[in-house]
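Trainee: Structure in C-alpha cells, see below.
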Amino acid sequence: MLSWNGRDDTLRCLESLTAIERDGMSVICVDNGSSDGSAAAVRERFPGLTLIESRTNLGFAGGNNVGIRHALELGADWVVLVNNDAVVAPDVIEGFESAARARPNAGILAGKVYFAERRDVVWFAGQRVNLRLGYSGRPRGYGRRDGPRYARIEATDRAVGALMAVSRKALEAAGLLDEDLFAYVEDVDWAIRVRRAGFDVIFAPEARAWHRVSGSTGGEASSTHTLYYGVRNTVVVAERRQPLGRFGTRFRRAVVFGTFALHALTRAHRRAALAAVREGFADARAGRLGPRPLRPALSAGPPDSERSA
C-alpha cells in the first residue's frame, strides 16, 4: 500500500489490511515522501508493520515498485496492490484465491471496487482497452448497483491500481510498473504487457474494496492531475503499444484530446481543467514524462493543492 500525504486514509486502509488473519501474508506500507506525518502515524499505530520510507515522491509507479521489490525479496508468489484511499473486505485474499484457482493462467487479478460513499454501487468491475482509439470508456458497472452480472469470474482487458493482484511469474515476464508514467494509466500499460507475455487478466468479483476515488489527488471531480496524467499517458501508452502510422496517430491523438477536453468541460473550474488537458497533451507530443512539471497557476483556477501519487 502506497501512501502520500493521506494520513487518515492510510490509517483506515491499514486497519482493514491488518485485520485480515492469514498465514504467509505480509502488509507493506511505502510512504512516498509524505510531509503530513503519515509515516510517524503508521509507526505509532502499527509498530510491527513493514514501513518503507522514500525521501521523495516517486509517483504511483515508482512508489509501488519499491514495495513490490520488497515483497518479491520476501518470497511472495502474489503481490496485491491497494490504494491508500481504499478499504478492503476481510475476505479479499480468499476472493483473489478463488479467481486464481478458476483461471490458473492469470497473471493479473482485478478486484471489484465500489464507491466508498455508496457501498453497493460499483466503480470498477472490469474494463475494455481500445488502443486504436486510445479510449476505454468508463469501467464496466460504473455507477450501477452491484448484482449478478458483476459476480462472474471472467477475462478483462485491464485492472486498476486501487485493488489488483499480480503474480510473481507475470512480474518476472513483464516487469514492474513503468516509472516514466509516474501516475495514471500505468496499470493499463502493465495489463497490456502482462497479456502480451502470455498471461490472462481476470476479473475477481469476490475480491472487494471500497475506494474514495482519486482521494490522493484531491478528488475525482476537482483534480486536474487526473486530466493531465490521463491525457499524457494515454497518448504515450497507445503509441508505444500499438503504433498506427502518421495519419492513424494524428487521428488517435485527436480522439484522445477531444475526449479529455469534453471531460474537462464538466468540471467546475473549466479553465484550469482544459489547461491541464492541453498541458498533458503537449507533454505527450514532446515526450516529456515523469512527474508533472510545476507551472504558474491559472488565476481563474483553484489553488494547486492537489497531490500526485
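Trainee: Just for the range 240-256: of the residues that are surrounded by fewer than 21 Cβ atoms within 10 Å (Cβ to Cβ) and within 18 Å of GLU279 (Cβ to Cβ), which one is farthest from the chain's Cα centre (by Cα)?
Mentor: So the residue we want is ALA254.
Trainee: Scan the range 264-272 and tell me whether some residue there is out of contact with any strand residue (DSSP E or B) (no Cβ under 6 Å at 6 or more places or on another chain), among the β-branched types (Val, Ile, Thr) and at pLDDT 95 or above.
Mentor: No, the conditions are met nowhere in the range 264-272.
Trainee: Which condition number in (1) surrounded by 19 or more Cβ atoms within 10 Å (Cβ to Cβ); (2) touching a helix residue (DSSP H, G or I) at 6+ places or on another chain (Cβ under 9 Å) is the one that ALA100 fails?
Mentor: In the conditions (1) surrounded by 19 or more Cβ atoms within 10 Å (Cβ to Cβ); (2) touching a helix residue (DSSP H, G or I) at 6+ places or on another chain (Cβ under 9 Å), ALA100 misses (2) alone.
Trainee: LEU176: under 17 Å from the mean Cα position of the chain (by Cα), under 19 Å from PHE96 (Cβ atoms) and aliphatic (A, V, I, L, M), yes or no?
Mentor: So LEU176 fails the test.
Trainee: Sort out which residues of the range 17-53 are among the polar types (S, T, N, Q), under 19 Å from the mean Cα position of the chain (by Cα) and not in a loop (DSSP other than H, G, I, E, B), and write them in order of number.
Mentor: Across the range 17-53, the qualifying residue is only ASN32.
Trainee: Here's another thing I want to ask about it. Do any strands (runs of 3 or more DSSP E) lying entirely in the range 118-225 carry at least 3 residues that are over 23 Å from ASP9 (Cβ atoms) and touching a residue at least 12 places away in the same chain (Cβ under 8 Å), and which ones are they?
Mentor: 200-211
Trainee: Something else now. Can you name every residue in the range 1-16 that is of a type in the set (Gly, Ala, Ser) and over 16 Å from the mean Cα position of the chain (by Cα)?
Mentor: SER16, the sole residue that qualifies.
Trainee: When you go through (1) farther than 18 Å from ALA165 by Cβ; (2) hydrophobic (A, V, I, L, M, F, W, C); (3) under 15 Å from the mean Cα position of the chain (by Cα) one by one for ALA125, which number turns out not to apply?
Mentor: ALA125 satisfies every listed condition except (1).
Trainee: Name the single residue that is modelled with the lowest pLDDT among those in the range 183-228 being of a type in the set (Phe, Trp, Tyr) and within 22 Å of THR156 (Cβ to Cβ).
Mentor: Per the stated criteria, the residue is TYR184.
Trainee: What are the pairs with Cβ atoms under 7 angstrom where one residue, in the range 250-272, is in contact (Cβ under 8 Å) with a residue 24 or more places away in the chain and over 19 Å from VAL185 (Cα atoms) and the other, located anywhere, is buried (at least 20 other Cβ atoms within 10 Å of the Cβ) and among the hydrophobic types (A, V, I, L, M, F, W, C)? Sequence gap at least six, or different chains.
Mentor: Note: pairs meeting the criteria are ARG267/ALA273.
Trainee: Could you grab me the full set of residues in the range 1-54 that are surrounded by 13 or more Cβ atoms within 10 Å (Cβ to Cβ), modelled with pLDDT under 95 and of a type in the set (Asp, Glu)?
Mentor: The one that is surrounded by 13 or more Cβ atoms within 10 Å (Cβ to Cβ), modelled with pLDDT under 95 and of a type in the set (Asp, Glu): ASP36.
The values are calculated or read from the model by the stated rules, or taken from the named source; none is laboratory data. Since we're looking at a predicted model, the values are computed, not measured. Glycine also receives a Cβ, built like all others from the backbone with ideal geometry; neighbour counts cover every protein chain displayed.
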